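Enquirer: My structure is below; once you've seen it, I'll send some questions.
Read-outs throughout are calculated quantities, based only on the coordinates presented, and are distinct from any laboratory measurement. The structure displayed is predicted, hence computed values, not measured ones. Here the Cβ positions follow ideal geometry from the backbone for every residue, glycine too, while neighbour counts run over all protein chains shown.
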Amino acid sequence: MKIRLDGKVQDRRALWLEGDKVRMIDQRLLPHQVVLLDIYNCEDMAEAIRNMTVRGAPAIGAAAAYGMVLAKNQGMDLQDAAKLLKSTRPTAHDLFFAVDFMIETMAKGEDAKEAADRYADTIVEKCRLIGEHGEGLIANGARVMTHCNAGALATLDHGTALAPIRAAWRKGKPLFVYVSETRPRWQGMKLTAFEMVEEGIPHAIIPDGASGHFLRLGTDIVIVGADRIAANGDFANKIGTFEKAVLAHELGVPFYTAAPISTFDLKMESGKDIPIENRSPTEVTEVDGRLIAPKGSAALNPSFDVTPHKYVTGIITEIGVIKPSEVHKVKGARMT
Ligand code: MRU
């Protein structure tokens with residue numbers, strides 16, 4: 001992705017390995033400050049994933065893969081490193097997939113850095129293909145709705161949900177994107193809108209509660225990301241996804257999720273067993289560290305919800321657009 005760093009426009013991924021450290025865009029500071037954070041050890045990588053310096057399922061996976069490289073370099077026990085990294089966020093399947101990929105690949109004697117770089121390159125290529133396959137779903141002049149940030153920041157480059165939008169725009173199709181703000185952490189307003197501005201794509205930020213209104217008044221397609229997709233096509237994504245899917249279904253608007261193979265958890269039969277991360281209530285009650293709710297009010301903060309497959313028109317993957325009933329087909333997609 002093109003990003004302005006140190007006063008220059010540079011082509012950068014959301015994170016990368018450079019010498020003995022991993023450099024990552026601190027996503028907590030966007031959109032007004034573009035700052036790189038350097039990570040030198042596995043413990044700090046685990047904390048960066050936990051505190052959402054890096055977030056978005058495929059980017060979390062790549063961060064964890066590089067976390068295993070740092071663990072190896074610091075002489076840490078690799079099983080302990082795997083356990084620590086896997087304890088950071090429970091919902092995104094990519095995290096578990098990437099750590100297991102690294103453990104298996106390193107056990108075969110492959111160089112850790114080469115394996116992690118290969119993992120990152122593969123994710124980027126898969127996201128590019130998601131863009132290529134999904135672009136055809138976006139008609140000339142389409143109004144597209146998305147939620148959270150499933151863009152380059154969330155995947156290293158291109159994005160999942162944003163990849164087809166980017167590809168359609170780059171092909172010259174006029175389009176307009178409704179970006180739902182995504183309370184309580186504002187990934188839509190802060191991150192997706194940032195990517196739209198950088199790419200020059202026409203868009204408007206809408207309150208999460210306005211989704212139904214704009215679906216009814218004229219949205220042609222909804223495309224969101226996914227954190228984990230079960231074997232029956234149910235999927236977890238950022239809280240608020242489920243209600244958009246139900247409304248889209250009711251209003252006859254096609255509803256797609258987009259994800260690479262690393263997000264599919266074929267061992268999970270349905271979405272009912274997907275672990276849902278609960279984050280701090282203060283993310284709901286406070287803005288910039290200032291309490292805005294009454295003192296004494298409790299708050300609940302589930303970070304993800306599960307959308308049943310019956311609301312899903314299709315899943316955009318690196319092997320093409322599949323129906324929820326065709327999830328088994330991704331078994332044919334490989335990481336290398
Ligand atoms: O809590 P986050 O910001 O990590 O949640 C991100 C999402 O829900 C994304 O939609 C999902 O990870 C897909 S990212 C390509």
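Enquirer: Give me the aspartates and glutamates in straight-line cross-link reach of Lys295: C-alpha distance below 13 Å, same-chain residues under 8 apart excluded.
Expert: Glu286
Enquirer: Return the distance in nm (one decimal) between the two label points of a simple spin-label model at Ala107 and Arg290, each offset 7 Å from Cα along Cα→Cβ.
Expert: Reported label-point gap for Ala107 and Arg290 is 5.3 nm.
Enquirer: A follow-up question, please. So for each of 136-143, 237-244, 165-172 I average, over its residues, the number of other beta carbons within 10 Å; can you give me the resulting order with the highest mean first?
Expert: 237-244, 165-172, 136-143
Enquirer: Pick out, in residue order, every one of the GluC sites (Glu not before Pro) in region 117-153 that is DSSP loop and has at most 10 other C-beta atoms within 10 Å; say none if there are none.
Expert: Here no loop site has a sparse enough neighbourhood.
Enquirer: If you place +1 on the Cβ of every Lys and Arg, -1 on the Cβ of every Asp and Glu, and leave all else neutral, what size is the dipole of the chain about its Cα centre, to the nearest 20 Debye?
Expert: Once rounded to the nearest 20, the dipole reads 680 debye.
Enquirer: Report the residues of region 143-165 in range of a label on Gln10: point 7 Å along Cα→C-beta, backbone N strictly under 19 Å from it.
Expert: Inside the label zone: 152-158.
Enquirer: Please find, in a Gaussian network model of the chain (springs between Cα atoms separated by less than 10 Å), the residue of His158, His203, His93 whose mean-square fluctuation is greatest.
Expert: Comparing His158, His203, His93 in the GNM, the peak value goes to His203.
Enquirer: Could I ask something else about it? Of the candidates Pro302, Pro254, Pro324, which one comes out as most mobile in a Gaussian network treatment of the chain with C-alpha springs shorter than 10 Å?
Expert: With Cα springs under 10 Å in the chain, the top fluctuation among Pro302, Pro254, Pro324 is at Pro302.
Enquirer: So if we plug the beta-carbon distance of Val246 and Arg279 into 1/(1 + (r/R0)^6) with R0 = 22 Å, what FRET efficiency do we get, rounded to 0.05? Can you show the working numbers first?
Expert: Working: r = 23 Å, r/R0 = 1.06.
Working from the Cβ atoms, E equals 0.40.
Enquirer: Follow-up question, since we're still on this one. Starting at the first residue of region 231-240, write each ³J(HN,Hα) from the Karplus equation 6.51 cos²θ - 1.76 cosθ + 1.60 with θ = phi - 60°, in whole Hz, x for Gly and Pro.
Expert: Using θ = phi - 60°, the values come out as 4, 8, x, 5, 8, 9, 8, 3, 3, x Hz.
Enquirer: Compute the angle between helix 93-107 and the longest alpha-carbon principal axis of the chain, please, reported from 0 to 90 degrees and rounded to the nearest 10.
Expert: The angle comes out at about 30 degrees.
Enquirer: Can you tell me how the chain classifies by the Cα gyration tensor, rounded, prolate or oblate, using a/c under 1.5 as the rounded cut?
Expert: Details: a/c = 1.39, a/b = 1.27, b/c = 1.10.
Since a/c stays below 1.5, the shape of the chain is classed as rounded.
Enquirer: What Kirkwood hydrodynamic radius do you get for region 246-336 when you take the inverse of the mean 1/r over all pairs of distinct Cα atoms, in Å?
Expert: The answer is 16.1 Å.
Enquirer: Once the other residues with Cβ under 12 Å from the Cβ of Ala152 are scored (Lys, Arg +1; Asp, Glu -1), what is the net sum? Present the calculation step by step, with values, prior to reporting the outcome.
Expert: Working: positive: Lys2, Arg12, Arg13, Arg128, Arg166; negative: Asp11, Asp157, Glu195, Glu198, Glu199.
Summing Lys/Arg as +1 and Asp/Glu as -1 gives 0.
Enquirer: Here's something else I'd like to know. For the chain, modelled as a Gaussian network with Cα springs under 10 Å, which listed residue fluctuates most, Ala210, Ala64, Ala231?
Expert: Result for the chain, Cα springs under 10 Å: Ala210 fluctuates most.
Enquirer: Related question: How many Å³ per residue does the convex hull of the Cα positions in region 133-330 occupy?
Expert: Values: hull volume 23.5 nm³, N = 198.
Considering the Cα atoms of region 133-330, their hull volume per residue is 119 Å³.
Enquirer: A further question follows. Measure out, as a whole number of angstrom, how far apart the alpha-carbon centroids of region 108-182 and region 1-80 sit.
Expert: 19 Å
Enquirer: For the chain, what is the calculated [θ] at 222 nm in deg cm²/dmol (nearest 500), taking -39500 (n - 2.57) for each run of four or more DSSP H residues and dividing by its residue count?
Expert: My calculation for the chain gives -10500 deg cm²/dmol from helical runs alone.
Enquirer: Continuing with the same structure: Compare the Cα positions of Ala152, Ile292, Met76 along the charge dipole of the chain (+1 at Cβ of Lys, Arg; -1 at Cβ of Asp, Glu; about the Cα centre) and return the one farthest towards the positive end.
Expert: Highest projection toward the positive end goes to Ile292.
Enquirer: Please list the non-local residues whose amide H lies under 5 Å from the amide H of Asp234, H modeled 1.01 Å from N, same-chain partners needing a gap of 5 or more.
Expert: Gly271, His309
Enquirer: Under a Cβ-Cβ cut-off of 11 Å, what is the net charge of the residues other than Glu125 that fall near it, where Lys and Arg count +1 and Asp and Glu count -1? Don't skip to the answer; put the middle values down first.
Expert: Working: positive: Arg118, Lys126, Arg128; negative: Asp121, Glu132, Asp157, Glu318.
Around Glu125, the surrounding residues sum to -1.
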